[in-house]
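S.K.: Take this structure, written in structure tokens, and hold onto it; I'll ask about it next.
Nothing in this text is a laboratory measurement; each read-out follows from the coordinates by a stated rule. Treat the numbers as computed from the prediction; the structure is a model and nothing was measured.
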Amino acid sequence: MLKYQQLKQSKPQSAILRCSSTGCNCRILEVKDFNSDLQSNDFPLTKITNAPKMPQTIELGNEEALSDESQGLFYSVDDMWSFDNIGVSKTTEKFEGTEEIKTEAGETIYFQRYLICADCDRGPIGFAGYLGDAKRSDDGSGLHYFIHPESVRYEIKR
């Protein structure tokens, strides 16, 4: 299993994102089309301003600091059925930050839930929210999902 920085050096074409918690290997999401910059057509890396803080991969139960390079980067997932496994918190409209969350394109994200590992409940590994004027519903349809690249580990697909 690789961390994000190691993944960048190996430049794979595809990888499975897995929970990084010691003893858990939950399969979260498969990315099949990385390019040389680790961008994916299906799940692009998106820069987000004022995003909720995410812990980096866990080593022996200790959280590590995020690298400056990946701060604010998230894989953008627009359909909950794209995930193999994902857990979500209850709906909340507040988190530790009070600033407005925005994509690099300037679109506002209305925070709703944290994303966690479905097997061990470790997290947050990302968050979910409504983009701009997207239709909101009680069942969560219309949510957009964001996974932090340093909150998961990577299994390289050959």
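S.K.: Taking a threshold of 18 Å on the Cα-Cα distance, which of the pairs Lys53/Lys157; Lys8/Lys53; Lys8/Lys32 fall above it?
M.R.: Lys53/Lys157; Lys8/Lys53
S.K.: Continuing with the same structure: What are the lysines whose alpha-carbon lies under 21 Å from the alpha-carbon of Lys135, with same-chain residues fewer than 8 places away excluded?
M.R.: Output for Lys135: Lys90, Lys94, Lys102.
S.K.: Return the sequence-ordered ³J(HN,Hα) values of segment 112-126 in whole Hz as given by the Karplus equation 6.51 cos²θ - 1.76 cosθ + 1.60 applied to θ = phi - 60°, using x for Gly and Pro.
M.R.: So the J values, rounded to whole Hz, are 10, 8, 8, 9, 9, 5, 6, 8, 10, 6, 5, x, x, 10, x.
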